[in-house]
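The values are calculated or read from the model by the stated rules, or taken from the named source; none is laboratory data. The shown structure was predicted, so the numbers you read here are calculated from the model rather than taken from an experiment. Cβ: placed from backbone, ideal geometry, glycine included. Neighbour counts: every protein chain shown.
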Amino acid sequence: MKFDTLQQGISFYENCARVSGFDTRLYSTKKRKSDGKISLNLCVCNKEGIRETPRLQSNCKKKRPITRMGCNARITLKLINDQDNYIIFSFHEGHTHPLTTPNSAHHIKQSRNLTLAHKKYIMDNSHANIGATKSYRLMKEHVGGYQNMAASVTDFENFQRDIRKHVKGNDAQMLIEIFKRKKEMCSSFFFKYEMDDK
């Protein structure tokens, strides 16, 4: 198969992986010295390689489970020299582990995606002091189960963490901007504030 860009080839393999029931990751790339273009790209199953012992998570005593199982499923995309297209240079289909069933396919990384509706739901709940985990459970009830969520509780927690990071240090200025917009909409609205050195 031929692809116009490298990203098209990677997306093709990711879509195949999602339908088949496994996750992928980029393993290695090689660049040409002449122009710096990627000449060879290797995508593998996320269970490729072997990790002998469970790894400790940073700042935590909890051990991560061993997920590497020596899987050989992979695809190699190669740049055609006389063109700017990429071809599938090699493909290995076999896996050394069971693939995900359709009932648990929502756990696959490629299937998880925070939509605008998810983000709005998390933000609305955070205004009511409802955390990410509880928001996830509440939304699960609205959509009829975990299999319909298309996101994980970790995705919810990460998004809420990113919001806090964005707001940190800017919350006072954001409040003033809200008041300014309210003033534009309602001429009788009045607010006043003072600033010190901090």
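What are the pairs, 6+ residues apart or on separate chains, where a residue within segment 184-198 that is part of a loop (DSSP other than H, G, I, E, B) has its Cβ under 6 Å from a residue that is not hydroxyl-bearing (Ser, Thr, Tyr)?
Phe189/Lys182; Phe189/Lys183; Phe191/Phe179
I need every pair where a residue in segment 2-27 that is free of Cβ contacts under 8 Å to residues at least 60 places away in the same chain has its Cβ under 9 Å from the Cβ of a residue that is part of a helix (DSSP H, G or I), sequence separation at least 6 or different chains.
Val19/Ala105; Arg25/Lys109; Leu26/Ile10
Looking at Arg18, Arg32 in this structure, which one is modelled with pLDDT under 80, surrounded by 12 or more Cβ atoms within 10 Å (Cβ to Cβ) and closer than 28 Å to Ala150 by Cα? Working first, answer last.
Details: Arg32 fails: closer than 28 Å to Ala150 by Cα.
Answer to the selection: Arg18.
I need the full set of residues from segment 38-91 which are at pLDDT 80 or above, farther than 17 Å from Asp23 by Cβ and assigned to a loop (DSSP other than H, G, I, E, B), in order please.
Those that are at pLDDT 80 or above, farther than 17 Å from Asp23 by Cβ and assigned to a loop (DSSP other than H, G, I, E, B): Ile80, Asn85.
Among the residues of segment 105-128, how many are surrounded by 12 or more Cβ atoms within 10 Å (Cβ to Cβ) and modelled with pLDDT under 75?
8
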